[in-house]
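The values are calculated or read from the model by the stated rules, or taken from the named source; none is laboratory data. Being a predicted model, the structure only gives us computed values, none of them experimental. Quick reminder, even Gly has a Cβ in these numbers, built from the backbone with ideal geometry, and neighbours come from all protein chains shown.
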Amino acid sequence: ENRPIPEPGPNEVLLKMHSVGICGSDVHYWQNGRIGDFIVKKPMVLGHEASGTVIKVGSSVTHLKPGDRVAIEPGAPRDIDEFCKIGRYNLSPTIFFCATPPDDGNLCRYYAHNANFCYKLPDNVTFEEGALIEPLSVGIHACRRGGVTLGSKVLICGAGPIGLVCLLVAKMMGAAQVAITDLSASRLEKAKEIGADFPIQIKKETPKDVACVVQGLLNCMPDITVECSGAEASIQSGIYATRSGGTLVLVGLGPEMVHIPIVNAAVREVDIKGIFRYCNTWPMAISMLASRRVNVKPLVTHRFPLEKALEAFETTRKGQGVKVMLKCDPNDQNP
Ligand SMILES: *[C@@H]1O[C@H](CO)[C@@H](O)[C@H](O)[C@H]1NC(C)=O
C-alpha cells in the first residue's frame, strides 16, 4: 500500500530503506495477529531487521548526514526511566520497537527513526550485514547473559536462525566447543558449515538421553546452554545437560506454561535466565563485522524485491532456508 513519506522529527533521520530481513516474529504477527500480550489492533507495518541510507536529518541531529549508510536498532527508548539509567533500556516498558504493536516497522521504502539508534556502517560492511546485526544482537545478548567466555563449552538447542547466530557469537566470544541440537538434518548441516563442532540430530531420545549424548561429545557437561527452540522437551534437555553451577539461557519462546525439572536445576545451582531482545550491541557488532571477525553472510539464503513481499513471507513461513531478505530499493538490489 502507498503511504506518505514521513517527515523526520528534530531527533530523527529519514531513511531510504535498503535491506530488511524477515524474522519469525513478523511471520507470527502476520499469521496470528499477536505474540503473547502484544496484539495487533490496527494495520501495522512489519520489519525490524533493517538498514538503509540517510536522506534527510532532523534539526537536532549532528552525528549523521544525508548519504550515510546505517544499520537500524529497532528498539529506541522513549523515557529515561530506571532501566534506561542502568543501561538496560530493552527492559523499559515504554520503549518504541519496530513492528511490535502498536509501533510500525520499517519494511517500506522510506522510514523515519530516532537518529541515536541509527549506526553508521563502514564502507566495507554491506547493507545486508547491517540488517543482520539485529538477529546477531540476540546472540550477543544471550551469550553475554550466559557468560560465554574464553574456553567455554556451549550447548545450543535449536539450529534455526537464532540458534545459528548464537553459535556464531559463542565462537567469536571464545567458546572452545559448541554442540547444537535440532530435529532437522538440513539445519544441522548449515550449523556445521558455519562452525558447529558437534551437530546433534534429535530423534526419539529422552531429555536425559540428550544430556548424555552432549556430555559424551563435549567430554564434559556444557557450562552454558542457550535454548533457542522454546520446546518443552528441549528446555528439559537443557536443564539436565548444563553443568552444575552453569547457566541455561532461555531464548526461544514456546508455550506460556511448561513442565520442567526445576528441582534438578535448583539443587545443582543451574541458573536459569531469560533474555528480552538486547541492548548495547550495535557498536560492537559493527566492529566485529568491519574487522571480519564474524561472517554472517552465509545466513542469507533468499532475496526478494519488496514487491514480492508475500512470496518472501510464504518462504519464511514454510521454514525454507535461513534468512530471507527483502530489497526495498528498486535501483539497488545488491547485498
Ligand atoms: C573496514 O573499514 C574499517 C573502517 O574504515 C577499517 O577499520 C577496517 O580495517 C576495514 N576492514 C577490512 C577487513 O578491510
Answer yes if at least one residue in region 137-151 is surrounded by 20 or more Cβ atoms within 10 Å (Cβ to Cβ), within 16 Å of the ligand (Cβ to nearest atom), among the hydroxyl-bearing types (Ser, Thr, Tyr) and not in a strand (DSSP E or B), and no otherwise. no
The conditions are (1) hydroxyl-bearing (Ser, Thr, Tyr); (2) part of a strand (DSSP E or B); (3) free of Cβ contacts under 8 Å to residues at least 40 places away in the same chain, and THR62 fails exactly one of them. Which is it? (2)
Is there any pair with a first residue in region 162-190 that is at positive phi and surrounded by fewer than 21 Cβ atoms within 10 Å (Cβ to Cβ) and a second that is hydroxyl-bearing (Ser, Thr, Tyr) and part of a loop (DSSP other than H, G, I, E, B) whose Cβ atoms are under 8 Å apart and which are 6 or more apart or on different chains, and what are they? GLY174/THR149; GLY174/SER152
Subset of region 269-291 (residues that are crowded, with 19+ Cβ neighbours inside 10 Å and without any contact (Cβ under 8 Å) to a residue 60 or more places away in the chain): VAL270
Which one of the conditions (1) outside any loop (DSSP other than H, G, I, E, B); (2) more than 16 Å from the ligand (Cβ to nearest atom); (3) over 21 Å from ILE35 (Cβ atoms) does GLY174 fail to meet, given that it meets all the rest? (1)
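Please specify each residue of region 164-177 satisfying the condition of being in contact with a helix residue (DSSP H, G or I) (Cβ under 7 Å, 6 or more places away or on another chain) and not β-branched (Val, Ile, Thr). If you could, list the steps in order and put the result at the bottom.
Going residue by residue through region 164-177, those that are in contact with a helix residue (DSSP H, G or I) (Cβ under 7 Å, 6 or more places away or on another chain) are 164-170, 172-173, 177.
LEU164, CYS166, LEU167, LEU168, ALA170, MET172, MET173, GLN177 - these are the residues of region 164-177 that are in contact with a helix residue (DSSP H, G or I) (Cβ under 7 Å, 6 or more places away or on another chain) and not β-branched (Val, Ile, Thr).
Considering only region 75-127, state which residues are in a helix (DSSP H, G or I) and either within 16 Å of the ligand (Cβ to nearest atom) or in contact with a Phe, Trp or Tyr (Cβ under 7 Å, 6 or more places away or on another chain) (or both). Write out each step before concluding.
Looking only at region 75-127, we keep the residues that are in a helix (DSSP H, G or I), and these are 82-85, 89-91, 115-117, 127.
PHE83, TYR89, ASN90, LEU91, PHE127, listed by residue number.
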Is there a residue in region 46-59 that is within 19 Å of PHE276 (Cα to Cα) and of a type in the set (Asp, Glu)? yes
Extreme residue, nearest to TRP282 (Cα to Cα), among residues of region 7-59 that are among the polar types (S, T, N, Q) and outside any helix (DSSP H, G or I): SER51
Helices (runs of 4 or more DSSP H) wholly inside region 230-323 that include at least 1 residues being of a type outside the set (Ser, Thr, Tyr), within 16 Å of the ligand (Cβ to nearest atom) and under 19 Å from ARG144 (Cα atoms): 282-290
Can you find a residue that is within 16 Å of the ligand (Cβ to nearest atom) and closer than 25 Å to PRO161 by Cβ anywhere in region 63-70? yes
Residue that is among the acidic types (Asp, Glu), over 21 Å from LEU326 (Cα atoms) and at pLDDT 95 or above, where the choices are ASP103, ASP81: ASP81
If only one of GLY75, GLY24, GLY67 is in contact (Cβ under 8 Å) with a residue 12 or more places away in the chain, more than 16 Å from ASN116 (Cβ to Cβ) and within 25 Å of the chain's Cα centre (by Cα), which one is it? GLY24
